[in-house]
Amino acid sequence: MRYTKIGRTDINASVVALGTWAMAGDSNWGSSDDKESIEVIHRAIDLGINLIDTAPAYGFGHSEEVLGQALAGKRDKVFVSTKCGLRWDADSGYVQMERDGVVLRRVLTPDSIRLEVERSLKNLKTDYIDIYITHWQTMSGFDPAIAVTMQTLLELKKAGKIRGIGIANVTADQIKEYAAQGQLDLVQNKYSMLDRDAQKDILQLCADKGVTFQPYSPLERGILAGKITADTQVTGRARAANKWYLPENRAKVLAMLDKMRPLCGKYQCSLSALVVAWTAAQSPNINVLCGSRHLAQIQENADGGNVPLDPADIRAMDNCLNTVLA
Ligand SMILES: NC(=O)c1ccc[n+]([C@@H]2O[C@H](COP(=O)([O-])OP(=O)(O)OC[C@H]3O[C@@H](n4cnc5c(N)ncnc54)[C@H](OP(=O)(O)O)[C@@H]3O)[C@@H](O)[C@H]2O)c1
C-alpha cells in the first residue's frame, strides 16, 4: 500500500481509503450486516488501509456507531473522517431532500457544527476526529458565509477536537473561499472514470493549493467493479439516481469494461483493483475513497493501492473510456 500526506497535516494516509456509507443500512443501499461491516473494517486495517470515512447522515448515526464499535482497541491505527452540515433534526436551512420519513437540511452554523462534533465524538467513541468535513455547502440566501463556517472549524482544531479540515461537494470558488480563511486539507467530491471532466480544474486547483483531492464513488457505486450485469435489478436510492445504471448506458459501460479486462490478467488483479489503480494514478495528491461492506470487496479494493500501472496501460484505458464518453 502506498501512503501520502493529507493536505498539510501530518496524517500519512493509505492511498485507498474505506468509505462506510453502505454500512448505514438505510434506503440508500438497503440493509447491511453490522457484524460483517465490523469485520470489513478490521480486514481493511490488516490490509494497510488507515483512513476510514463516515458521516452522521449515513443511517442517521448508524454508520458512525458501527465504526466506533469496530475501532475499540484500534483507534491509534486509524485516521477517521466524519462530517457535519447535513441535519435531519433541524427546522431551518436549505432542504437537501426528504428520505426515510425525515427532511434533511444543510446547516453549517457555528452552533450546529459544535453540536454535531460532540455527537460524532460520542458515536465514534473517541475524543478527536482526524479530518472533519463539511458534507454539503450552504446555498446562497442561507446563513452562514463560508468564512464563518471555516472560523468555527479552525476553533475546533485549536481545541484539539479535530486535526484537519475537509470540504465536500464543492466548486472551485468555494475551495478558494475556504482556503483563504485558513488551512484546508482535503476536498471530497464525486469523481470516477465515468465522471471526471467536471473535476479536472478542481484536481489542478487542489494540487496548486496543497490540498488532497479525495474522489468519492470511484467505482460508480459498483458498476465499475464488475458487480453489475445487464440483468442486475438495481435497488436502493444510491444506484437508482445514477445515470450509468440506465439500460443504454449500462450496455456501453459493460462493453468498455470488457475491453479493459485483459489488463486484469497482466496485473493479476480484479477489475475493481484496476479501476482504483487508474483513479489513484490521475494525480499525485489523490486519495481514493471506495465503499466496501463485504470481505471480498475490501481485499480487491485495497489491492488497487498496489497495482503499478504502466503509463501505456493508463493511455489504453483512457482510449476504452473514450468509446463510452464520446
Ligand atoms: N461527501 C459525500 O457527499 C459522499 C457521497 C457519496 C459517498 N461518499 C463517501 O465515499 C465512499 C465511497 O463512495 P460510494 O460508496 O458511493 O461508492 P463506490 O465506492 O463507487 O461503490 C461502493 C459500492 O460498490 C460495490 N463494490 C465496491 N467494491 C466492490 C468490489 N470489489 N466488487 C464488487 N462490488 C464492489 C459495493 O456495493 P454493495 O455494497 O451493494 O455490494 C459498494 O458498496 C462512501 O462510502 C462514503 O464514505 C461521500
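The values are calculated or read from the model by the stated rules, or taken from the named source; none is laboratory data. Computed from a predicted structure; not experimentally measured. Because the Cβ atoms are built from the backbone with ideal geometry, glycine has one as well, and the counts that use them run over all protein chains shown.
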Any hit, region 74-83, residues being in contact (Cβ under 8 Å) with a residue 24 or more places away in the chain, crowded, with 16+ Cβ neighbours inside 10 Å, among the small types (Gly, Ala, Ser) and in contact with a helix residue (DSSP H, G or I) (Cβ under 8 Å, 6 or more places away or on another chain):
no
Could you tell me whether any residue of region 259-276 is touching a Cys at 6+ places or on another chain (Cβ under 9 Å), of a type outside the set (Gly, Ala, Ser), farther than 25 Å from Ile202 by Cα and near the ligand (Cβ under 9 Å from one of its atoms)?
yes
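For (1) of a type in the set (Lys, Arg); (2) more than 23 Å from Ile131 (Cα to Cα); (3) under 18 Å from the mean Cα position of the chain (by Cα); (4) crowded, with 18+ Cβ neighbours inside 10 Å, each residue gets a yes or a no:
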{"site": "Met260", "(1), (2), (3), (4)": "no, yes, no, yes"}
{"site": "Val275", "(1), (2), (3), (4)": "no, yes, yes, yes"}
{"site": "Ala280", "(1), (2), (3), (4)": "no, no, yes, yes"}
{"site": "His294", "(1), (2), (3), (4)": "no, yes, yes, no"}
{"site": "Gln297", "(1), (2), (3), (4)": "no, yes, yes, yes"}
{"site": "Glu300", "(1), (2), (3), (4)": "no, yes, yes, yes"}
{"site": "Asp313", "(1), (2), (3), (4)": "no, yes, no, yes"}
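Within region 278-295, take every residue that is under 17 Å from Ile223 (Cβ atoms) and not hydroxyl-bearing (Ser, Thr, Tyr) and give me the one that is nearest to the ligand (Cβ to nearest atom).
Gly291
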Collect the residues in region 253-277 that are more than 16 Å from Asn319 (Cα to Cα), of a type outside the set (A, V, I, L, M, F, W, C) and free of Cβ contacts under 8 Å to residues at least 40 places away in the same chain, keeping them in residue-number order.
Gly265, Gln268
Looking at (1) modelled with pLDDT of 95 or more; (2) of a type outside the set (Gly, Ala, Ser); (3) not in a loop (DSSP other than H, G, I, E, B), which is the only condition Gln96 fails?
(1)
Against the definition (β-branched (Val, Ile, Thr) and either in contact with a strand residue (DSSP E or B) (Cβ under 9 Å, 6 or more places away or on another chain) or away from the ligand (no atom under 14 Å from the Cβ) (or both)), how does Val253 come out, yes or no?
no
For Ile52, the lone unmet condition from (1) within 21 Å of Arg114 (Cα to Cα); (2) hydrophobic (A, V, I, L, M, F, W, C); (3) within 12 Å of the ligand (Cβ to nearest atom) is (1)
Residue identified as away from the ligand (no atom under 15 Å from the Cβ) and either within 20 Å of Thr279 (Cβ to Cβ) or over 15 Å from the mean Cα position of the chain (by Cα) (or both) among Thr171, Thr152:
Thr152
Go through the residues of region 54-73 one by one and say whether even a single one is of a type in the set (Val, Ile, Thr) and touching a Lys or Arg at 6+ places or on another chain (Cβ under 9 Å).
yes
Hey, which of the strands (runs of 3 or more DSSP E) in region 1-72, taking only ones fully inside, have at least 2 residues that are at negative phi, at pLDDT 95 or above and buried (at least 19 other Cβ atoms within 10 Å of the Cβ)?
12-14, 16-19, 51-53
Top-ranked residue in region 227-249 [being within 12 Å of the ligand (Cβ to nearest atom) and of a type in the set (A, V, I, L, M, F, W, C); ranked as modelled with the highest pLDDT]
Trp244
Mind checking whether some residue in region 89-108 is more than 19 Å from Gln188 (Cβ to Cβ), among the small types (Gly, Ala, Ser), buried (at least 21 other Cβ atoms within 10 Å of the Cβ) and free of Cβ contacts under 8 Å to residues at least 40 places away in the same chain?
no
Would you confirm whether or not region 185-207 contains a residue that is over 21 Å from the mean Cα position of the chain (by Cα) and at pLDDT 95 or above?
no
Filtered residues of region 189-226 (kept if near the ligand (Cβ under 10 Å from one of its atoms) and free of Cβ contacts under 8 Å to residues at least 24 places away in the same chain):
Gly222
Within the group Leu257, Leu224, Leu309, which residue is in a helix (DSSP H, G or I), over 23 Å from Met23 (Cβ atoms) and not aromatic (Phe, Trp, Tyr)?
Leu257
Which one is surrounded by the most Cβ atoms within 10 Å (Cβ to Cβ) among residues in region 121-154 that are touching an Asp or Glu at 6+ places or on another chain (Cβ under 6 Å) and in contact (Cβ under 8 Å) with a residue 60 or more places away in the chain?
Leu124
